[in-house]
1. Could you order the peptides 207-214, 486-493, 251-258, 135-142 from most to least packed, using the average number of other C-beta atoms within 10 Å per residue?
2. Could you compute how much accessible surface S414 exposes when probed at 1.4 Å, giving the result in Å² to the nearest 10?
3. How large is ³J(HN,Hα) for each residue in region 288-302, as worked out from phi by the Karplus curve 6.51 cos²θ - 1.76 cosθ + 1.60 (θ = phi - 60°), to whole Hz, x for Gly and Pro?
4. Which value does Rg/Rh take for region 433-514 over its C-alpha atoms, Rh per Kirkwood?
5. Tell me which residues come under 5 Å, amide H to amide H, from L114 once H is placed; ignore anything under 5 positions away on its chain.
6. Enumerate the calculated ³J(HN,Hα) couplings along region 337-352 in order (Karplus 6.51 cos²θ - 1.76 cosθ + 1.60, θ = phi - 60°), each rounded to whole Hz, writing x wherever the residue is Gly or Pro.
7. Taking only the C-alpha atoms, wrap a convex hull around region 213-325 and report its volume per residue in Å³ as a whole number.
8. So if each residue of separation counts as 0.36 nm, and I subtract the Cα-Cα distance between A130 and R324, what length gain in nm does that give?
Amino acid sequence: MKSSISDLNFVHMMGLLVGGLALFLFGLELMTGGLKAIAGSRMQTVLGTLTANRLRGVLAGAGVTALLNSSTITTVLMVGFVSTGLMTLGQAIPMIMGANIGKTFTAQLIAFDLSAITPFMLAIGFLLHAFGGRQLFRQLGGILLGFGMLFLGIEFMGDATRPLRTFQPFIDIMQDMTNPLLGIIVGAVFTAIVQSSAATLGIIIALASEGLMPLEAGIALVLGANVGTVGTALLSAIGKSAEALQVGVVHLLFNVIGVLLFIFIIPQLGDFVRAISPSYPELAGVERLAAETPRQVANTHTVFSVASTLILVWFTGPIGRLARLIVPAAPPSQVQPIGDPIYLDENSLTVPALALQRVRLELARLGEQVLETVRREAVLVVNGKVDDISALLEQDKQIERLATAILHYIGRLSQEEHSAKESRQMVDLAQVVTSLEGINDVVTTNLVSVNQQRLAEGIDLSLLHDEHTARFGQAVIDNLGRAVEIIGAPDTAKASRVVAAKAEIEGLATAAHQSVLTKLRPEDKANVINFRLASDVIEQFKQVARFSRAIAEATQDI
């Protein structure tokens, strides 16, 4: 029996539909958050496989997306990697293709009818999330709770659309949706608005589970959802380098080309999907559509992504060149100031494990700059001029600016959901920043003060510079160099070596003091001032050695 418009309670239906979509999106966010917390620490290992070849890049992209439960996050991370030079566009393209395969995992899950166990997922998930003693249990609870909310949202959306089974105008709209162009536009626009292709698929599957979605209409909407999902990646690339924008363009090109490959064979694609999907010939009409179409829609999504990747993965070179043609690289500009961070990407904050790696890379840059100031000061303290000191103080401003940016980034990262281990790593990394700033202060405040007094009083410290002071200074600089080296690539053995160098450096400091003392002539007032300044320099270098050990100790846990 056909229903009329007066038989439909649109307010109730809209409430269920919007509420169901909200539950679906929130459940997806909870699930993604838990997966990121558990799997985030493995991201660097998975990403490390991409350098071998394009096929492994595809697998890495699929693996990361399945772990993070979001192709959008994966693509946004690729934008960040390319913009900071951690990855080339050529390496990113297979990853993006793999991300399209990985995101089909969610569609396959939500195509199951798990309404009978949804209440149990919600209950067990809540108990684990709220009362789990260990953080792992709370994270697993968050995943299960999100999973239950996701299915509850689909159930709500299905309940909202059930009255439309007998509403002829809506049935006519669904029949018109088999027009590929219309379906693709609707799917793309809706996905771009909600910024989630999974949400679009959730609604498609909810409609299909009520027998309201013919497969051909579902295929067109799925194709459109794949186009609409690139919006977030393109937005994330705005304001970044041309190379980063090229990643967003590659994502767009891949999905648009994929849609163009299938738009003219939708009937044949529908026949193929029906052939590989479960069928229920004992049912008829709407009941059969409701039983078969949800899995067929999910399989369509998988077939589209896998087939597009298998075809286009062999054309990564031309796709990359086309992206560079659309978004030409910016002309070479002047050298970037050392105070500007290059690795602290905003997008990586969503995955703390990757953001921590960015902090280590930026800290390694900071460490190299501090090491350079120590090396320069080792020469300037003996025979530096006023202009040399001015240049050193200018470098100090850049170092302070970079250190502040790193601490600010760590502060923002601490506001994200993270594990207890990641929290300890943030504290250790902040301690490394503090130690590097301490070394920089020793050079640009204490040793510069010695320099200024030397120049003001015309003192010649080169008279006290000999083999012992040279060996001591070089030992301090070498040990600092080892400490800086392990910031970006933590190594327990190297860190232990830095800490163990304390006795050797203390011995060399004593020998340097004694060497300076033997040259002291008490009757010469100027000579006494020389001795005092030289001793001060030795003490300041000992302070540098202490900060080096503090860096090594902090890096043993990161």
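The values are calculated or read from the model by the stated rules, or taken from the named source; none is laboratory data. Predicted, not measured: the structure shown is a model, and the values here were computed from it. Here the Cβ is made from the backbone with ideal geometry for all residues, glycine too, and neighbour counts use every protein chain on show. Accessible surface areas use protein heavy atoms only, side chains included; no ligands, DNA or RNA. Shrake-Rupley method; radii C 1.70, N 1.55, O 1.52, S 1.80 Å.
1. Numbers: 207-214: 23.6, 486-493: 15.9, 251-258: 21.8, 135-142: 18.2.
Result, highest mean first: 207-214, 251-258, 135-142, 486-493.
2. Accessible area, nearest 10 Å²: 50 Å².
3. The phi angles translate into 5, 4, 5, 7, 9, 5, x, 5, 5, 5, 4, 5, 4, 4, 5 Hz.
4. 1.04
5. Here the answer is none, since no amide H 5 or more places off falls under 5 Å of that of L114.
6. Taking θ as phi minus 60°, the curve returns x, 5, x, 8, x, 10, 9, 7, 7, 4, 5, 6, 4, 6, 10, x Hz for region 337-352.
7. Hull volume normalised by residue count: 94 Å³.
8. 64.9 nm
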